[in-house]
Structure formats: C-alpha cells, structure tokens
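Have a look at the structure below before the remarks.
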Amino acid sequence: MMADDAQNIRRKIIHIDMDAFYASVEQRDNPEYRGKALVVGGLPEGRGGVVATASYEARKFGVRSAMPSKQALQLCPHAVFVRPRFAAYKEVSQKIREIFRRYTDLIEPLSLDEAYLDVTTDKLEVGSAIEIAKQIKDAIKTELQLTASAGVSINKFVAKIASDMNKPDGLTFIGPSQIAAFMEKLPVEKFFGVGKVTAAKMKNMGLHTGADLKRLTEDEMTKAFGKAGRFYYQIVRGIDNRAVQPHRETKSVGAEDTFAYDLTQLDEMNPELDRIAETVATRLERYGLKGRTVTLKVKYHDFRQITRNQSVSTPVSSAAEIAQIAKQLLAIAATDDMKVRLLGISLSNFGEPQRKTDQHTDQLRLF
C-alpha cells in the first residue's frame, strides 16, 4: 500500500526550452535571415558586443551565447548580426505561457524561453506527461511557427537535463527506472550547481561522472564541497524534491550598456543614464513594479567596477526619477581622471517600506 501511495504522489515534471529562441523569432519574422548564420546580440564593431543567442547555422561554427561578438565573427565571418528586440521576444513568451496554462497553473518560468511545468494533475485530464509535452510542442509549432525541446521526468533536475539531450525539436523522457543509470553516466559538469571551478576540483579528485560521485559517502561529499556536497550526494541518486514555484519573486529590474569608447565627462555619461533609465522604466511598467532602491553600476576602462545605491521612502518607477537619482550617485562617484566603459542602473526593494525605518531611507548608502 505504501509503495502504491508513493507511486500515486510521484510528480510529473516537464521542462520546456525554446530552440535558439531569439534567433528563431528573428528568422520567423524576417525571411531573409532563414537558413543563415544569425547572431543576436551586440554588434562586433566597437568592443562591448556579446552574443545573446545564435541560430543553429551559426552554432555549427562554434558560436555560443555569452561569447564576445568579435570572437563570433572570427569563428563565422559570414554571420549576420542583429540587435535583440526584447519587446518582441516578451510578446512571444507570453503566448507560449498561454499555451502552458491550458494544461497547468503550476508554471515556473526561468527566463523568456524556458520553464518548468508540474502536470501531476493537468487541467485537461490528459494524464500522460509525455503526451502533454507533445501537445505543447505541437501547439508552439502550429500557432507560433517556432520549435521547442521538452524533457519529462519525475523531478526538475532530470527534466531539465533531458530537455537538452535531443535539441532542436526534441522530446526526451527519463522514467524512474532509468534515472539511476542516467545519473551514473552523466559528466560532473552537467550536474546542477557544478560550475567550472567545482568541476575542475572534482576531476582533480578523479571524479568524472555520476558513478564516481556515487562512490563517496555524504560526509565525504560535505567535507570536500561544503553544504553543496549534500545536494550533490542527493542529486546523483536522482533525489530532487524542489517543487515547481509558480510565483518567482522579482528581486530587481535593470539595464546596462557598454560603450564603443571610454566616456570621460559627466556631460557624456548623463545622456546615457537617461537612455538606460528609459529602458528600466519600460521594464518596470511591463511588470507593474515600483522600487525604493536605485543602484548605479560603473565599470572603468581597466574593468574595475563599483556600485552605488540610494534608497527613498516613496517608490519610484518613472525614467526621470530613476535617471535623476542615478546622476546624483554618478556625480558623487566621479573623479577627474575616470574612464568609463559601462554604466548600468537597476531598481530593487519592491516591498512595502518598514514604518520604523521610513525616516532614514532618504540617506545615501554608498559602498
């Protein structure tokens, strides 16, 4: 009976990941880009361009997200570079979410182009998570002329790994009986939370796959990797009890820009802050948010970086208010010989102010 109960409450999790999302939207909307190596992101001219995403035609040449655009051009000289249209991507993302909501309200968006869905109980009573994933993929293709890849399993970790296995336009199911063997074969760098530094440490210890990690006791894992060791101990055994969180709280909203040449005068920087503040205000309006803490980010020519912030008692959201505070922070931080390559503004502290501290919140907090 207990085994039956455990089976009955076993979750059905789908991870949906759009295929080369920004590039695919551009190719859909602009027929002249179809079949071409397309890079969406900063332009290779100047010095600050970074790849947001690349079409599969460009990926064949080694172009990847977060790569400098200049490097992408060297790898793929015939690539077409276009700037992102985030408003268009947001609109498409909302339509994708509408398709998700036909089946479940338990949706945890990770970004514009990926999300977890808990379909343990689905609205249409389809019952099969694999069939739901197939129907969602078909709807995205038919209604939006885009493709998505899906991973299906009993927890978030395995579903996310599965969605990446047969891209593009893939559908991969990893059932309970397959998880143990799957995890043992998985390279350590594919494990959730294992970055480059931790992966290198693991390999230096002779730990290359899940099977290698599985040989360590929980105490040995914790001793080697701290608190994360316990998580690795569980995840290598396919244990991931994280629930799909449908309401992910937005902590901050911001924007930044890297300039083609160093800015040295406030008269040059202030108009840039006006422009960045406009972008932040647009994003705040999209989410219906107002915040009480404005943070200024400044990166210098030598890549040294500082942040300065100011909190106010009355929440702000307009571009003018945000820009004014950012300019005040910049003026305080300014030096005679500064050479600025990047400016950024973010707004945070969206909650209600604490009454006992209202009288102090207008002071500058510099760090």
Inside the stretch 221-275, the number of residues satisfying the requirement of being at positive phi and either without any contact (Cβ under 8 Å) to a residue 40 or more places away in the chain or among the hydrophobic types (A, V, I, L, M, F, W, C) (or both) is 1
Exactly one of Asp336, Asp257 is under 28 Å from Pro44 (Cβ atoms), surrounded by fewer than 19 Cβ atoms within 10 Å (Cβ to Cβ) and of a type in the set (D, E, K, R), and that residue is Asp257
- Condition test on Arg59, is it loosely packed, with under 15 Cβ neighbours inside 10 Å and either touching a residue at least 24 places away in the same chain (Cβ under 8 Å) or closer than 30 Å to Asn241 by Cβ (or both)? no
Condition set among the aliphatic types (A, V, I, L, M) and not in a helix (DSSP H, G or I), scope the stretch 146-165, selection modelled with the lowest pLDDT: answer is Met165
When every residue in the stretch 282-297 that is in contact with a helix residue (DSSP H, G or I) (Cβ under 9 Å, 6 or more places away or on another chain) and part of a loop (DSSP other than H, G, I, E, B) is compared, the one modelled with the highest pLDDT is Lys290
Note on the stretch 276-288: residues aliphatic (A, V, I, L, M) and touching a residue at least 60 places away in the same chain (Cβ under 8 Å) are Ile276, Ala277, Val280, Leu284
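Look through Asp212, Asp219, Asp257 and report the one residue that is touching a Leu at 6+ places or on another chain (Cβ under 9 Å) and among the acidic types (Asp, Glu).
Within the list Asp212, Asp219, Asp257, the selection yields Asp257.
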How many residues of the stretch 77-92 are in contact with a helix residue (DSSP H, G or I) (Cβ under 8 Å, 6 or more places away or on another chain), surrounded by fewer than 19 Cβ atoms within 10 Å (Cβ to Cβ) and of a type outside the set (A, V, I, L, M, F, W, C)? The answer is 3
Inspect the stretch 298-313 for any residue being touching a helix residue (DSSP H, G or I) at 6+ places or on another chain (Cβ under 7 Å), crowded, with 19+ Cβ neighbours inside 10 Å, of a type in the set (D, E, K, R) and at pLDDT 90 or above and give the result as yes or no. yes
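The values are calculated or read from the model by the stated rules, or taken from the named source; none is laboratory data. This structure is a prediction, so every number in the text was calculated from the model and none was measured. Note: ideal-geometry Cβ built from the backbone for every residue, glycine included; neighbour counts use all protein chains shown.
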